[in-house]
Amino acid sequence: MSDRAIKKKKRSGFAVLGVDPGLANLGIAVLEIFGTQRQQLRSLKAVQTKPPSKKRRLLQADSDAERLRFLLSEINRAIDRFDPIAVVYEAPTGGRSARGIRSLAYMIGALVAVCDQRDIPLMSVSPTDVKMSATGMRSASKDLMVASMKDRFTSPLWNGIAKSKIDHPADALACITCVLKSDVILATMRARC
């Protein structure tokens, strides 16, 4: 039996962690759900990493590993704080450079490992599903996505995020909205009651 199974506790709400993965910019959102009607935004975070300066003379792989460790510490912190019943992330699509694809692969592989170690269901959603869930449109702009999530989940948490980075936690939150009525979420909620 896993540590998570032992630590199960009765609670009124269930947290779901959303992740917009990226090595340079990571979006994190936590939504607490109460039954099928009420939801409360609990956390929003935009995490940015930058490659080290040339002066450090790190190999690219070493730099990526360093940045990935930092991002995973942020994800683990959210998991420790909110004890989510599931994690959902936006799956990447084409149109990226080989470097970008490799960076996303590192991030998603690490996310899979973290969720597997902690016995947390992990789900992925497509960018199209994220846009449809958030706005009802298949090709919504970033600004429309952010506005839609801010309208749906009003909270002072939005105020602490730089405007240039706000689309990342908004996407993470929109990922959660895609899976709220999924079999995985509903079954996990029933099992934890």
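Before moving on, here are some points about what is shown:
- Within the accessible area of the chain (1.4 Å probe), percent carbon and sulfur: 51
- Among (i) 8, 31, 35, 14, 6, 4, 1, 0; (ii) 7, 22, 16, 13, 17, 15, 4, 2, 2, 1, 1; (iii) 9, 37, 36, 15, 3, 0, the entry derived from the coordinates for P(r) over Cα pairs in 10 Å bins from 0, in percent: (iii)
- Hz values of 3J(HN,Hα) by residue in region 155-165 - Karplus curve (6.51, -1.76, 1.60), Gly and Pro given as x: 6, x, 4, 5, 5, x, 10, 4, 4, 6, 10
- Distance violations [Cα-Cα > 21 Å] among Lys142/Lys181; Lys50/Lys163; Lys50/Lys165; Lys45/Lys165: Lys142/Lys181
- The chain, relative contact order in percent, only Cα pairs under 8 angstrom and at least six apart counted: 30
- Segment Thr128-Leu180, extension gain: residue separation times 0.36 nm, minus the distance between their alpha carbons: 17.1 nm
- Net lengthening on full extension, Arg152/Arg190 (0.36 nm per residue, minus Cα-Cα): 11.1 nm
- Per residue, the chain exposes 54 Å² of accessible surface when a 1.4 Å probe is rolled over the protein heavy atoms with every protein chain present.
The values are calculated or read from the model by the stated rules, or taken from the named source; none is laboratory data. All of these numbers come straight from a predicted model, not from anything done at the bench. Protein only, heavy atoms only, side chains kept; ligands, DNA and RNA dropped before computing areas. Shrake-Rupley method; radii C 1.70, N 1.55, O 1.52, S 1.80 Å.
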